[in-house]
Structure formats: structure tokens, C-alpha cells
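Reviewing the structure listed below.
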Amino acid sequence: MSGGRLQQNNITVSGLITECVVSNAPVTKILDFGQHAYADTFVRPDQLHLSEPVFPLQVYLNSDSGSIQLGYVSSAQDRYNLYSYSYTSSNSQTARSHWDEYAQTIKGRGRTGLVVEIGSNDGYLVGQFDNAVGVDSSTEMCALAQEKGIKTVNALFDSVTADLIKNTHGTAGVIIANNVFNHANDPVMFARSVAELLSDTGEFVFEVPYWLSMIESGRFTDMVYHEHPTYFTIKMAWNLLKTAGLEITDFDVVNYHGGSLRVFARRDTGADMPVKIQDAIVRETQMGLFDLAFYQNLQLRFEQEKIKWLTDFYQLLSQDPDAVVIGVGAAAKANTWLTWHGLDKTVIQCIADASSHKQGKYTPLSRIPIVSDQEFAKHDTPYALIMSWNIQHHLQQAILNINPNTRFISQ
């Protein structure tokens with residue numbers, strides 16, 4: 001205290017990005033979700049007196065490059081270290097099965113040499129390779145991986161980190177980046193650093209949520225958050241990698257996070273764009289992904305759907321004033337969805353989650369306590385609001401096994 005006033009500490013800031021991250025051409029705002037905190041932030045009890053950083057969550061488009069990106073971009077270091085990072089890539093059987101399949105796919109492609117995973121988290125995937133090293137910006141996740149004996153570099157991935165790995169371990173035969181390429185504030189720099197570390201015959205494999213799948217699902221309002229500065233289309237991926245000296249050889253759309261792109265790339269050989277890539281870009285264009293008018297209608301639809309859902313939800317609460325509503329799945333998408341709908345602990349009693357890294361913490365802004373799934377056993381006929389909709393069937397069955405009288409509210 002000084003002069004009766006609280007001393008001001010440093011706070012995080014965001015910056016307005018008015019140029020395309022791929023081409024540096026102007027971008028146009030297409031969607032606005034209001035003010036949001038970091039979606040992957042979970043607040044400890046001793047931090048409840050603090051205020052989370054909150055920034056505008058807006059989406060911008062450059063039609064020529066196909067880039068879809070946030071307008072306001074925050075500090076990458078703050079996103080993963082300002083609060084204790086809680087997401088672990090091995091946090092569910094669904095996730096573990098996906099990474100097991102992923103590892104087998106990589107091994108089956110016959111590449112040799114060093115395997116580097118960018119955004120290696122707790123090391124579950126990279127730990128399945130013998131000659132491998134992980135890279136992660138979260139000090140907490142690196143500690144978890146290192147406890148398992150997995151070589152891990154605690155750093156944001158950039159040219160300096162690429163040089164460090166190359167000088168220590170040599171070039172990489174395979175570089176993996178799953179749900180992390182879209183976390184980079186400067187994706188071109190990220191891709192150039194990949195090209196620098198990749199061997200001449202090496203392969204870059206990355207997985208990111210696919211914007212087209214998000215659109216088609218009708219659920220992507222909760223897939224947009226500050227930790228995802230960029231959103232991938234095939235058109236954007238092709239142009240981005242070409243700018244960085246890489247080229248796409250193939251891609252798949254896999255059923256993870258509601259629909260993800262798995263892209264295979266190599267050093268740029270100057271080859272023509274594969275027909276598969278051409279066809280995908282045509283489809284993205286026909287769907288309206290690069291059309292400003294398309295997003296004007298989409299924004300209106302999202303706002304109307306929000307009003308309709310809230311009307312039905314509060315009507316349910318008015319008819320059943322003793323209702324106990326428990327969220328299921330303390331995921332980043334849950335926090336975006338809760339903030340977009342203006343919901344907090346006054347109407348959602350708690351959120352159940354199987355991760356011990358999240359239990360005992362609170363959601364950002366809404367400050368809803370996170371508990372174990374056994375919370376459902378404490379109530380006669382609770383309502384369950386499934387927040388992690390991409391694994392809804394699995395979660396519903398798990399909750400019914402605990403309390404068969406649970407009633408479900410759909411998002």
C-alpha cells in the first residue's frame with residue numbers, strides 16, 4: 001500500500017494485429033465474442049483474490065491467403081506460465097488412444113533419425129519413440145515429462161530452440177506438432193524454425209483443429225480462444241508452409257477435438273499443388289470460408305442460438321428452483337462457452353473433471369469450482385451439462401455409472 005492506494009503491478013497486454021500473419025496484407029474482422037480470459041487458465045484457491053487478464057476475442061480474415069486469425073494477440077509466455085498450466089495430453093482414455101494411433105502412424109511411414117515433438121506436454125506421445133526429445137513452454141508440463149525420463153526442452157519453439165536441438169542432437173527425421181502450431185503468435189517463424197531443424201529427407205507432421213470441421217459442427221464458438229491465435233484452413237496451411245520453405249504432401253481429417261487436420265509436409269521441392277489440396281481449397285471456398293458475408297450471417301446465428309439456449313436454461317431453473325447443475329469436463333472450450341453465455345457459479349454449482357491437475361481449482365472469470373466425477377453421487381437427481389461435447393458419449397456413460405438418476409442438459 002502507498003498513500004492509501006494499491007500499488008500497481010505489471011499486467012499482461014494484448015496487441016491488435018491488423019495484418020495477415022501469412023502475407024502481411026490487411027485483414028477484416030469477421031466474428032466478435034466479447035471479452036475473454038485465457039481459456040486454458042484454471043485458478044488456484046490462493047489466487048481467488050486476483051483478477052485474470054481479459055482481452056477482446058475477435059476473429060479476422062484475409063481471403064487471399066486463407067488466414068483466419070485473432071485480432072488481439074497476447075503474450076505466449078503468459079498464456080502458459082502466468083497460471084499453473086493444467087492440461088495433460090494423457091488426461092483421458094480417448095486422448096491416449098488417439099496418441100497411440102498417431103505414434104503408430106508415424107512409425108509406419110518409415111522415417112528414421114531423431115523425433116522432435118513441439119508442444120510435448122507431459123511427454124505421453126514423444127515418450128513412445130526411442131530417439132526423441134520434446135519441447136514445451138510450460139515449466140510444469142516439462143517437469144512431469146522429465147520425471148518420466150523423457151528428454152524435454154523448456155522453451156517456446158523458435159529458431160533459437162531449433163538451433164539448440166540441432167547443435168545438441170542433430171537434425172530431425174520427424175518433427176511433430178500437435179495442437180500447438182495454431183498456438184504460435186508468429187506461425188511463419190514457427191514453420192521456418194521447423195524447416196531449419198528438419199533433415200533434407202525429414203517429415204513435418206502436425207495436427208490442428210480444422211476450421212471447416214468447426215464450421216460444419218456448428219459448435220466452434222467454444223473452439224475459439226486466446227491460446228489459438230490462428231485457425232487452419234487447407235488454403236492457409238499451403239500458403240503458410242510455402243512461405244516458410246515447406247510444402248504439403250498429404251493430409252487427413254481425423255476425428256479428434258471435433259475434427260482436426262493432420263498434415264504431412266517436407267522441404268519445398270517446387271512440386272505442383274497436389275490435386276487433393278486443390279479440391280480441398282475449392283470445397284473450403286464453396287462453403288464460404290473466405291466470404292465476409294458468410295460470417296455476418298454466422299455471427300447473427302450464434303447470437304440467436306445463445307439467446308435461445310439461455311431462455312430454455314433459465315426456464316428450467318425457474319421450474320425447478322432446487323436443481324443442482326454440474327458441468328462435466330473442465331476444458332478450455334468449456335471456459336469459452338461459459339464466458340460467451342455469461343454463466344458462473346451462481347447457476348453452475350461445480351464442474352466435474354477426472355484430471356487431478358484441475359480438481360481443487362476454479363474456472364477463469366466464472367470461478368466455478370472443479371471437483372471429481374464422484375460429486376454426482378452426492379445428489380439425488382442432478383443435472384449434468386456436458387462441456388467437452390467432443391467426447392460426450394463417453395462422459396455421459398461415466399456419469400450414469402456413478403449416478404443413474406442424472407439428467408442431462410445439452411449445449
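The values are calculated or read from the model by the stated rules, or taken from the named source; none is laboratory data. Predicted model, so just to flag it, every value in this text is computed and none were measured. Cβ atoms come from the backbone with ideal geometry, glycine included; neighbour counts cover every protein chain shown.
Key figures for this structure:
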| quantity | calculated |
| --- | --- |
| Matching residues in segment 393-411 - criterion: being under 16 Å from Ile351 (Cβ atoms) and assigned to a helix (DSSP H, G or I) | Leu395, Gln396, Ala398, Ile399, Ile402 |
| Scan of segment 247-275 for residues that are aliphatic (A, V, I, L, M) and surrounded by 16 or more Cβ atoms within 10 Å (Cβ to Cβ), ordered by number | Ile248, Val254, Leu261, Val263, Ala265 |
| In segment 167-191, the residues that are surrounded by fewer than 19 Cβ atoms within 10 Å (Cβ to Cβ) and either in a helix (DSSP H, G or I) or not assigned by TED's automatic domain parsing to the domain that holds Val116 (or both) | Asn167, Thr168, His169, Val188, Met189 |
| Selection from segment 109-153 of residues that are assigned to a strand (DSSP E or B) and either under 16 Å from His183 (Cα atoms) or without any contact (Cβ under 8 Å) to a residue 12 or more places away in the chain (or both) | Glu117, Ile118, Val135, Asp136 |
| Residue list for segment 24-44, restricted to those being closer than 26 Å to Lys306 by Cα and of a type in the set (S, T, N, Q) | Thr28, Gln35, Thr41 |
| Near pairs, Cβ below 8 angstrom, 6+ apart or cross-chain, from segment 32-50 (in the same structural domain as Gln77 (by TED's automatic domain parsing) and closer than 15 Å to Lys361 by Cα) to any residue that is assigned to a strand (DSSP E or B) and of a type in the set (Val, Ile, Thr) | Phe42/Ile370; Leu50/Val43 |
| Selection within segment 92-130 - under 20 Å from the mean Cα position of the chain (by Cα), over 12 Å from Val205 (Cα atoms) and β-branched (Val, Ile, Thr) | Thr94, Val126 |
| Residues that are at pLDDT below 95, part of a strand (DSSP E or B) and either over 19 Å from the mean Cα position of the chain (by Cα) or of a type in the set (Ser, Thr, Tyr) (or both), drawn from segment 232-267 | Ser260 |
| Criterion violated by Leu164 - all others in (1) free of Cβ contacts under 8 Å to residues at least 40 places away in the same chain; (2) surrounded by 24 or more Cβ atoms within 10 Å (Cβ to Cβ) satisfied | (2) |
| Residue match in segment 97-108 (condition: surrounded by fewer than 19 Cβ atoms within 10 Å (Cβ to Cβ), hydroxyl-bearing (Ser, Thr, Tyr), out of contact with any Ser or Thr (no Cβ under 6 Å at 6 or more places or on another chain) and closer than 18 Å to Val208 by Cα) | yes |
| Residue among Ala354, Ala334, Ala323, Ala293 that is of a type in the set (Gly, Ala, Ser), in a helix (DSSP H, G or I) and either assigned by TED's automatic domain parsing to the domain that holds Trp211 or in contact (Cβ under 8 Å) with a residue 24 or more places away in the chain (or both) | Ala334 |
| When residues of segment 138-167 are limited to those that are within 25 Å of Ser199 (Cα to Cα) and of a type in the set (Lys, Arg), the one farthest from the chain's Cα centre (by Cα) | Lys166 |
| Residue that is under 19 Å from Val116 (Cα atoms), among the β-branched types (Val, Ile, Thr) and within 12 Å of the chain's Cα centre (by Cα), where the choices are Val194, Val208, Val188 | Val208 |
